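Report on the structure given below.
The values are calculated or read from the model by the stated rules, or taken from the named source; none is laboratory data. As the structure is a prediction and not an experimental result, all values here were calculated from the model. Here Cβ is always computed from backbone atoms with ideal geometry, including for glycine, and neighbour counts include all displayed protein chains.
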Amino acid sequence: MTSTPRAQPHLVVVIDDDESVREAVPRLLAHCGYEARAFASGLTFLASPDLNEAGCLILDVAMPDMTGPALQSELERRGHSIPIVYITGHASTSIPHDPDWDGPKHCLLKPFADQALLDAVTRALTSRRS
Amino acid sequence: MDVPAPNPHAVETDANPDRVSDRDDQVDRTVEVIPGPALSADERGRVDAVNQHWSQLTGLGPEAAFGHGWYDAAHQDDDERLREFWQARVRSGEPGTCEVRLRRGDGHVRRYLLRAVPQLDRDGRPSRWFGQFDDVEERRQAELLLAGEKQLLEMVASAHPLPEILDTLCRLAEESAPGCLCSIVLIAADGHHIEHAAAPSLPVTFTAAIDGRAIGEDCGPCGMATHLNLQIVATDLARETRWQDSQWCTLALRHDLRACWSTPIRSSAGRVLGAFAIYFTEPAAPSQVHQGLIGRFTHIAGIAIEGASREAALRRSESFLAEAQRLSLTGSFLWRINPPQILWSEQTYRIYGLDPAVPVTFELVGTRIHPDEAAWFAALVDTASRQGDDLEFEHRLVMPDGSVKFLHVVAHALHSETGHIEYLGAVQDVTERRRADAVLGRLRAELTHVSRMTTLGALSASIAHEVSQPLAGIVTNAGLLLRILGDEVPDLDSTRESAQRIIRDAHRASEVVDRLRALFRRAAPSSETVDLNDATTEVLAIVAPELQHTGTTMRTDLGVDMPPVRGDRVQLQQVIMNLLLNAIEAMGTLEGRPRAAIIRSGHDAARRVWLSVEDSGPGFDPAHADRLFNTFFTTKPGGMGVGLYVSRTIIESHGGRLTASTHSGGATFTLSLPAESNHPPPNLPPKGQA
């Protein structure tokens, strides 16, 4: 983890259209030792150099320009396989029908406990390495 | 009176040695002055004088006629009758008349009326008889003709089959004009051909050859007569030059027919319907008498043919009507009240499922009336039979197979001058329409419910999402704050920042709640005086279809002298409707016990007005009582639970309370509101100026 920082990026990218989340979550992650950056939409993330650095995404499901699942499939289309932790404010999420998306199983319901988010991020980064 | 010149008869009577000559002279003279055939006989009925008219008529001179010889003048069939009549006069001494056919000298037979009159002696006994003959042939002919016409017209009136009527007509014509053979042809439905209708005495080979010929001048006398609308007379077919192309004359002559007169038969409006033809086996020209007969027979034939076509048209329209009744499921009826009589159309019998052969009575109708409506129906019949007002009502039948029919009945009362009442009415089977209405009503209710749920669902989802965002920020910041505080050297700036953000996000969440509140009171609640009972009655009218199709009975026990409340009438009615719909839904699953709810209202000493809705549904778990009014709590699989939350919000905004209680037989929701006189507070302007 520390031997070759560049080869094992642990940048955590937060993508959410809500400002409260964009501010609070990166600060929590930073306090816990992660490098974190926030984007207000999937499109700005795709256009940024951080696209190649991201080790894990914390991704809101419902966003106006591009939904979380839409960003996920776009990333897959471009050959980026970045582990994703979904977060959502909808109790019964109305996600576009996508058989590959395994739904709210890996989805944290807002408001989520800080530890639950950290555990999910740890699992995501581990899955990336394994 | 002039004394006639001496005549041979007198001379001949003089030759009778039994006679006193001056008396014979007197008798002869008396007989001779009678202006028609006459004779005289002695007291024993033996003829001893005849006049010249007699001799000329019968060809029987005095010698042949005297004694009983005059009987020979009678037609052989009438001879015996004549003898009996004459002997009866002599025996009884009474005068009398007798109709008898006499054979004329030229062989023709005519009818005469014989009047027998006795001459009485001083003792009043007949000393001599006089007989006078009046020619009644023409009168008899006219009478026979009249009787025949009457018979024909009766046949027309009683709708005998047309061929039978026309056949009778031909026979009557043949009787009226001896020696003739009659036929009738009609114009076929296509208007271009003639068809054989009647010809009782003509050879079938002839009529068959005529049948179906095209109408026109060459077709023969009948085709020509119908074509030209003119009488066509052919007095001698052997010398006839017309109709050569069609060989009609050859055909007629082959059947021994030598003369034919064909006359068009016209309708009352003058339209040609066919032709009446008279044939003779000898050459013949129509006399005035013939023309008279022809005129009368074609007239009657016209009436018969028109009547038959009217009859057919009537039958067609009757069957059309019956078909229309069958198709529209509408029957008709006539109800005569006194003397009681009910007449039904075929379709009415079909609707009631009763045998058309059985006379209708109210007892019979009663076997079909829905038991729930039997008393009502009896009362309706009773009122109608006394008052005679027009009727329009719906009622139900229960058929023998248990199925239920809905009927719509309309009846118009006809009042006769003598005070009798008759109802003429129609009864329509509206079962399908009622079923469709019920289905439609159910669909509408479901749609309303779905759209209500959809709106509330979308609204609540949106609320949940909006609130969850700042909450996520708050929870995350608070978690971070705790973590910083747990550090060995807490970064105070960071904790401050986290705390500030928590406060900011909490305000954001609070803004969402404010917006939600604003949404519920979006239309600024109006403030008016509301009678809760009136408001409830109006809502009941709105939910009536819902009650009907769910089979729910909603009883009311509304308080009297209830003080009004002040508030938004529409909002309060929304609450009441919500409570009623909840009650209906709660009882939706009940089987085997009545779906009955009761609405009560009243007011208490504290001047609070209350209204409760008590259902007989499954009730709810008392442990959930507090949560019933939570925004998203529901015990119903399809419900969102928002209804009660909104209801409580509305009631509380009116300064009231909405509470729920459960008991063994269901749930009760009670709202209470302050009576208006407690509001406005004394320091505000009195009501009416607000």
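Tabulated data for the structure shown
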item: Candidates B:Ala301, B:Ala277, filtered to the one that is more than 35 Å from the chain's Cα centre (by Cα), at negative phi and either surrounded by 15 or more Cβ atoms within 10 Å (Cβ to Cβ) or free of Cβ contacts under 8 Å to residues at least 12 places away in the same chain (or both); result: B:Ala277
item: Among the residues listed as B:Leu380, B:Leu414, the single one being part of a helix (DSSP H, G or I) and either in contact with a Pro (Cβ under 8 Å, 6 or more places away or on another chain) or modelled with pLDDT under 90 (or both); result: B:Leu380
item: Residue check for B:Glu466: within 11 Å of another protein chain (Cβ to nearest Cβ), out of contact with any Asp or Glu (no Cβ under 8 Å at 6 or more places or on another chain), surrounded by 13 or more Cβ atoms within 10 Å (Cβ to Cβ) and modelled with pLDDT of 85 or more; result: no
item: Boolean, B:Gln325 is farther than 21 Å from B:Lys150 by Cα and not aliphatic (A, V, I, L, M); result: yes
item: Strands (runs of 3 or more DSSP E) (entirely within region B:173-287) containing at least 2 residues that are closer than 30 Å to B:Glu138 by Cβ and among the hydroxyl-bearing types (Ser, Thr, Tyr); result: B:259-266
item: Residue match in region B:135-157 (condition: surrounded by 12 or more Cβ atoms within 10 Å (Cβ to Cβ), hydrophobic (A, V, I, L, M, F, W, C) and within 18 Å of B:Thr97 (Cβ to Cβ)); result: yes
item: Matching residues, region A:15-55, being under 17 Å from A:Pro69 (Cα atoms) and of a type in the set (S, T, N, Q); result: A:Ser41, A:Thr44
item: Region A:24-59 - residue that is within 14 Å of chain B (Cβ to nearest Cβ) and in contact (Cβ under 8 Å) with a residue 60 or more places away in the chain and, of those, surrounded by the fewest Cβ atoms within 10 Å (Cβ to Cβ); result: A:Cys32
item: So B:Asp106, is it at pLDDT 90 or above and of a type in the set (Asp, Glu); result: no
item: Subset of region B:215-267 [of a type in the set (Asp, Glu) and under 22 Å from B:Ala177 (Cβ atoms)]; result: B:Asp236, B:Glu240, B:Asp256
item: Filter result (more than 18 Å from B:Ser612 (Cβ to Cβ) and either of a type in the set (Val, Ile, Thr) or touching a residue at least 12 places away in the same chain (Cβ under 8 Å) (or both)) within region B:568-593; result: B:Asp568, B:Arg569, B:Val570, B:Gln571, B:Gly588, B:Thr589, B:Leu590, B:Arg593
item: Residue in region B:500-507 that is over 30 Å from B:Ala472 (Cα atoms) and either more than 14 Å from every other protein chain (Cβ to nearest Cβ) or at pLDDT 80 or above (or both) present; result: no
item: Verdict on B:Arg595 being touching a Ser or Thr at 6+ places or on another chain (Cβ under 6 Å) and buried (at least 19 other Cβ atoms within 10 Å of the Cβ); result: yes
item: Residue check for B:Asp437: modelled with pLDDT under 90, over 30 Å from A:Gln115 (Cβ atoms) and not hydrophobic (A, V, I, L, M, F, W, C); result: yes
item: B:Val381, sole failed condition from (1) at positive phi; (2) without any contact (Cβ under 8 Å) to a residue 40 or more places away in the chain; result: (1)
item: Selection status of B:Ser183, modelled with pLDDT under 85 and surrounded by 18 or more Cβ atoms within 10 Å (Cβ to Cβ); result: no
item: Residue among B:Arg315, B:Arg326 that is assigned to a helix (DSSP H, G or I) and within 13 Å of the chain's Cα centre (by Cα); result: B:Arg326
item: Residue in region B:514-532 that is out of contact with any Gly (no Cβ under 7 Å at 6 or more places or on another chain), closer than 30 Å to B:Arg566 by Cβ, surrounded by 14 or more Cβ atoms within 10 Å (Cβ to Cβ) and modelled with pLDDT of 90 or more present; result: yes
item: Residues (farther than 17 Å from A:Asp114 by Cα and more than 10 Å from chain A (Cβ to nearest Cβ)) located in region B:469-499; result: B:Glu488, B:Val489, B:Pro490, B:Leu492, B:Asp493, B:Arg496
item: All positions within region B:27-79 that are among the β-branched types (Val, Ile, Thr) and either free of Cβ contacts under 8 Å to residues at least 24 places away in the same chain or not in a helix (DSSP H, G or I) (or both); result: B:Ile34, B:Val47, B:Val50
